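A.B. asks: I have a structure I would like to understand better, so I am pasting it below and will then ask my questions one at a time.
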Amino acid sequence: MLGLGLIGGAVAGAVLSHGPRAEQPVVDGSVEAFAKAREVWRNAPVDRLFPPVIAEPGAGPGGADRTWTRVGVARPAGCAGAFDPLLERVLAPAGCVKLLRATYVDSTSTTVTTVGVLVTAGEATAMGALNQRWSTEHLGDRADLIPRAVPFPGTPAAAFGDRQRGSWDIQVSADLPFVVYAVSGFADGRGVRGPQPAARATADRATTIPAQAGLGFDATGVASAVDDRLHTIVGALLHPTTTGPEKD
C-alpha cells in the first residue's frame with residue numbers, strides 16, 4: 001500500500017511518460033466515488049504515484065527531453081503547518097485527509113522539485129468551487145501562494161527550503177478530491193529573488209532566472225506527470241473493465 005510504501009524502499013529504474021488525459025471526468029461526482037478515490041493513497045504502491053524516474057520527452061526549454069530522479073519520499077502527513085499560512089487558508093475549504101510528497105532532482109543535478117498530492121475531504125461541489133476560484137481569480141500567479149519544498153538530508157535537495165523556491169505549479173482537480181502541486185529551485189541551495197509561476201517561467205522569450213534555468217518546466221513537468229498518474233490509478237480503480245492498463 002502507498003502508506004507503507006512511502007516508508008519503505010522503492011524499485012529503481014521505473015520510467016513514467018505522461019500524455020494527454022481523456023476529457024471526460026474520471027468519477028461521476030458521487031459521494032461514493034469520491035470516497036473510493038481518496039483510498040488511492042492507502043492502496044496504490046508508492047512507485048506508481050511517485051515513480052523513481054519521471055521521463056518527459058520534449059518537456060524542457062526548447063522542446064528538450066527532461067528526466068527527474070526521485071531523491072526522497074516524505075511520510076504521509078496532515079496539512080497543519082505544511083503550507084504557508086495564506087495558501088493554507090485558500091485550500092482550507094477543500095479540507096485535508098492526507099498530504100503526500102516527494103522530491104526529485106533533474107538529470108544534471110542542477111535543479112530540485114518537490115511534488116505534492118493533497119487528498120482533500122471535499123466533495124464534488126467543494127472541489128468544483130475551488131477549481132473555479134483558482135482559475136477565475138488567477139491564484140496560481142500569486143507569489144504569496146507558493147507551496148513549500150521538502151528537503152532530504154544527504155541528497156541534492158538537502159538545502160531546498162523556502163528561500164530556494166523559484167517556480168511552482170498548482171493543479172486543482174474539479175473531478176477528483178485532489179490538489180497536485182510542484183515547486184522547484186536550485187540544487188546548490190542558492191536563493192531565488194523574484195520567484196515566478198510556471199506559466200510565466202515557461203513563456204516564450206521569458207528572461208527571468210526561473211525561466212532561463214528551466215524551473216518552470218520542472219514544476220509543470222513533474223506536477224503534470226504525477227497528476228496524470230493519479231488520474232490513471234483512480235480510473236483503473238473505479239473502471240477496471242474500461243480503463244487501459246496503468247503505466248509502469
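A.B. asks: Each residue of region 187-195 in order: what ³J(HN,Hα) in whole Hz does its phi give by Karplus 6.51 cos²θ - 1.76 cosθ + 1.60, θ = phi - 60°, with x for Gly and Pro?
C.D. replies: 6, 8, x, 5, x, 10, 8, x, x
A.B. asks: Could you work out the relative contact order of region 2-238, using alpha carbon pairs under 8 angstrom and six or more residues apart, expressed as a whole percent? Write down the numbers at each step before the final one.
C.D. replies: Numbers: 519 pairs, mean separation 50.6, N = 237.
Taking the mean separation of contacting Cα pairs over the length of region 2-238, I get 21 percent.
A.B. asks: I've got another one for you. What ³J(HN,Hα) values, in whole Hz, does the Karplus curve 6.51 cos²θ - 1.76 cosθ + 1.60 give for region 116-130 when θ = phi - 60°, with x put for Gly and Pro?
C.D. replies: Per residue, the Karplus-derived 3J(HN,Hα) values read x, 10, 8, 8, 8, 8, x, 8, 4, 4, 5, 5, x, 5, 5 Hz.
A.B. asks: What is the local net charge at Val73, summed over the other residues whose Cβ is closer than 12 Å to its Cβ (Lys, Arg +1; Asp, Glu -1)?
C.D. replies: On the way: positive: Arg70, Arg75, Arg101; negative: Asp47.
Taking every other residue near Val73 into account, the sum is +2.
A.B. asks: How far, in nm, would the chain grow between Thr136 and Glu88 when pulled straight, counting 0.36 nm per residue and subtracting the alpha carbon separation? Kindly include the intermediate steps, with their values, before the conclusion.
C.D. replies: Working: separation 48, 0.36 × 48 = 17.28 nm, distance 1.87 nm.
Gain in length upon complete extension: 15.4 nm.
A.B. asks: Tell me which residues come under 5 Å, amide H to amide H, from Asp84 once H is placed; ignore anything under 5 positions away on its chain.
C.D. replies: The answer is Arg148.
A.B. asks: Still on this structure: At 7 Å along the Cα-to-beta-carbon direction for both Ser109 and Ala80, put a label point, then send me their distance in nm to one decimal.
C.D. replies: Computed distance between label sites Ser109 and Ala80 equals 3.9 nm.
A.B. asks: Quickly work out the Ala126-to-Arg205 label distance, labels modelled 7 Å from Cα along the C-beta direction, and quote it in nm with one decimal.
C.D. replies: About 4.5 nm, to one decimal.
Read-outs throughout are calculated quantities, based only on the coordinates presented, and are distinct from any laboratory measurement. No experiment lies behind these values; they were computed from the predicted model shown. All Cβ positions, glycine included, derive from the backbone under ideal geometry; neighbour counts span all protein chains shown.
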